[in-house]
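**Student:** Pasting a structure below so you can have a look.
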Amino acid sequence: MGVLRPIKELPTLDLARLDGEAKEHRAFLSALRDAARELGFFYVVGHGIDPELIRKTLRLSRRFFDLPQAEKLSIQMVNSPHFRGYNRAGLEHTRGRPDWREQIDIGAELKPWPLDPGLPPWTRLQGPNQWPEALPELKPVLLRYQAEATALGIRITRALALALGQAENVFEPIYRPAPNQLLKIIRYPGRGEGEGNQGVGAHKDSGFVTVLLQDTEAGLQVEGPNGWIEATPKPGTFIINVGELLKMASSGYLRANVHRVVSPPAGCDRLSVAFFLGARLDSTVPLLQLPAELAREARGITQDPLNPLFRDVAKNYLKSRLRSHPDVARRHHADLLDPSDREGPLAPASAY
């Protein structure tokens, strides 16, 4: 058995090659398939998103986190049954431990379903976002950014389908007419020695793909064959990673990889914007019939007993939201919790 080669950094792919001539197109799909199988993480350039929109998104995110605490708490998530709004550091959990980051969670701007015990529980997740009155310009910029990140995530998902020998629209039945969207603007405060370093604990993401925008401070680490790989911020790039939905659909051929964020040192902080592209909550993850040469290399699906995966999309997503945000779960959705979870820490789950 050979020694695994060391991997020191994530690969970088130029999305513009996808629209190149046939030879260039095929070469891009081959590189994409390798990156999504080996690490499940890669940088992307040539994405076409307006640099000015990226600058505005980061600038307004910084302005939000600089608001007085009372202004931020006016939209705290615990007031939203839809898991939307602001969380202070320590209120979101990964595998049962608090993450040291403050953030806003934003989804599609939709009307809520009526609270009806006859409706599926996932309908409780649909509803409006909370926006800070002190920063009205945040809403239009973040909703525009979310739309652009959605289009980019769908484009990459379609390319991954082609790379797996499928029709590029093979996943459309589970994301049209509108996919599940989650946008997080995140600030990781600096921490001194002895304070712990869990910005976000080690986890995998659960949707199609994640589109991550980093500012300038490092901290994201990806599990490699020889230890953690630093995903250093690079101007003009996004980091893309494969979610567990694509891992399940490809019988483990694509890798949904473990990653974490280490808190920055005292005296500085880290800013990032993470967009998670998911399937419709009323859908079921398909099982793709891979070409024989790819099927032979599929790893299969391993289950984490602390966080089992289901092909029912809503079951995975709702489970994760309830466990990641126990204060919201207990205030608004206690009827969905096991009796043992209505007090004390909830059973651990991966962060979405």
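**Student:** How large is ³J(HN,Hα), in whole Hz, for each residue of segment 258-265 in order, when computed from phi with the Karplus curve 6.51 cos²θ - 1.76 cosθ + 1.60 and θ = phi - 60°, using x for Gly and Pro?
**Tutor:** With coefficients 6.51, -1.76 and 1.60, one gets 6, 8, 8, 10, 8, 4, x, x Hz.
**Student:** Now a separate question. Identify all aspartates and glutamates with a Cα-Cα distance to LYS247 below 20 Å; exclude those on the same chain that are fewer than 8 residues away in sequence.
**Tutor:** Result set, ordered by chain and number: ASP34, GLU38, GLU168, GLU172, ASP205, GLU223, ASP282, GLU293, GLU297, ASP304, ASP312.
**Student:** Moving on. Ratio to report: Rg/Rh of segment 66-118, with Cα atoms as the point set and Rh obtained by the Kirkwood method; give two decimals.
**Tutor:** 1.05
**Student:** By DSSP, what percent of the beta bridges with both residues in the chain are antiparallel, rounded to the nearest 5?
**Tutor:** Values: 45 of 50 bridges.
Approximately 90 percent, going by the DSSP bridge assignments.
**Student:** Determine the per residue accessible area of the chain with all protein chains present and a 1.4 angstrom probe, expressed in square angstrom.
**Tutor:** Averaged over the residues of the chain, the accessible area is 44 Å².
**Student:** A further question on this structure: What lysines sit close enough to LYS139 to cross-link, taking a C-alpha to C-alpha distance under 30 Å and skipping anything fewer than 8 places away on the same chain?
**Tutor:** Answer for LYS139, where 30 Å is the Cα cut-off: LYS56, LYS72, LYS111, LYS184, LYS204, LYS234, LYS315, LYS319, listed by chain and number.
**Student:** Note down the accessible area of TYR86, probe 1.4 Å, to the nearest 10 Å².
**Tutor:** Accessible surface of TYR86 is approximately 0 Å².
**Student:** Hey, another quick one. Given the options HIS203, LEU245, SER272, identify the residue whose Cα lies farthest towards the positive end of the charge dipole of the chain (+1 on Cβ of Lys, Arg; -1 on Cβ of Asp, Glu).
**Tutor:** Toward the positive end, the furthest listed residue is LEU245.
**Student:** From the alpha carbon gyration tensor of segment 153-199, can you work out the equivalent ellipsoid semi-axes (sqrt of 5 times each eigenvalue) and give them in Å, largest to smallest?
**Tutor:** 38, 14, 7
**Student:** State log₁₀ I(q)/I(0) for segment 23-85 at q = 0.19, 0.22, 0.27, 0.30 Å⁻¹ as given by the Debye formula over alpha-carbon point scatterers of equal weight, solvent excluded.
**Tutor:** -0.85, -0.93, -1.08, -1.16
**Student:** Continuing with this model, one more query. Hey, could you get me the Stokes-Einstein D for segment 226-300, Kirkwood radius over alpha-carbon pairs, 20 °C and 1.002 mPa s, rounded to whole µm² s⁻¹?
**Tutor:** 138 µm²/s
**Student:** Still on this structure: Take peptides 105-114, 318-327 and line them up by average Cβ neighbours within 10 Å, highest first, as a rough protection proxy.
**Tutor:** Top of the packing list down: 318-327, 105-114.
**Student:** What is the packing order of peptides 143-155, 285-297, taking the mean over residues of other C-beta atoms within 10 Å and listing the highest first?
**Tutor:** The most tightly packed comes first, giving 143-155, 285-297.
**Student:** Write down Rg/Rh for segment 59-160, rounded to two decimals, with Rg from the C-alpha atoms and Rh from the Kirkwood relation over Cα pairs.
**Tutor:** That ratio equals 1.01.
**Student:** Then there is this: Evaluated at 37 °C with a viscosity of 0.692 mPa s, what Stokes-Einstein diffusion coefficient in µm²/s does the chain have when Rh comes from the Kirkwood expression over alpha-carbon pairs?
**Tutor:** Approximately 158 µm²/s, per Stokes-Einstein.
**Student:** Run through all the Cα pairs of segment 177-291 and give the fraction in each 5 Å bin from 0, expressed as whole percent.
**Tutor:** All Cα pairs considered, the percentages come to 2, 11, 18, 21, 18, 13, 9, 5, 2, 1, 0.
**Student:** So what J values fall out for segment 173-186 if you push phi through Karplus, 6.51 cos²θ - 1.76 cosθ + 1.60 with θ = phi - 60°, rounded to Hz, Gly and Pro as x?
**Tutor:** x, 10, 10, 8, x, 8, x, 6, 10, 9, 10, 10, 9, 10
**Student:** Students often check this: by mean Cβ neighbours within 10 Å, which of 252-264, 72-84, 116-128 ranks highest, and how do the rest follow?
**Tutor:** Ranking, from highest mean packing down: 252-264, 72-84, 116-128.
**Student:** Measure off 7 Å from each Cα along the Cα-to-Cβ vector at ASN197 and GLN69, then give the distance between these two points in nanometres to one decimal.
**Tutor:** Taking the two extended label points, one gets 2.7 nm.
**Student:** If eta is 1.002 mPa s and T is 20 °C, what Stokes-Einstein diffusion coefficient results for segment 1-124, Kirkwood Rh from Cα pairs, in µm²/s?
**Tutor:** On the way: Rh = 19.3 Å.
This corresponds to a translational diffusion coefficient of 111 µm²/s.
**Student:** Over the chain, with every protein chain in place, what whole percent of the accessible area is carbon and sulfur at 1.4 Å, could you tell me?
**Tutor:** Here it works out to 53 percent.
**Student:** Let's see if you can work this out: charge +1 on each Lys and Arg Cβ, -1 on each Asp and Glu Cβ, no other charges. What is the dipole magnitude of the chain about its Cα centre, in debye to the nearest 20?
**Tutor:** 180 debye
**Student:** Could you tell me, in Å, what Rg and Dmax come out for the Cα atoms of segment 127-179?
**Tutor:** Spelled out, the Cα radius of gyration and Dmax of segment 127-179 are 15.4, 49 Å.
**Student:** Right, another one. Give me the Kirkwood hydrodynamic radius of segment 107-246 in Å, from all C-alpha pairs, to one decimal place?
**Tutor:** Hydrodynamic radius (Kirkwood, Cα only) of segment 107-246 equals 18.1 Å.
The values are calculated or read from the model by the stated rules, or taken from the named source; none is laboratory data. Just so it is clear, the model here is predicted, and its values are computed rather than measured. We place every Cβ from the backbone using ideal geometry, glycine too, and count neighbours over all the protein chains shown. Surface accessibility is based on the protein's heavy atoms, side chains included, excluding ligands, DNA and RNA. Shrake-Rupley method; radii C 1.70, N 1.55, O 1.52, S 1.80 Å.
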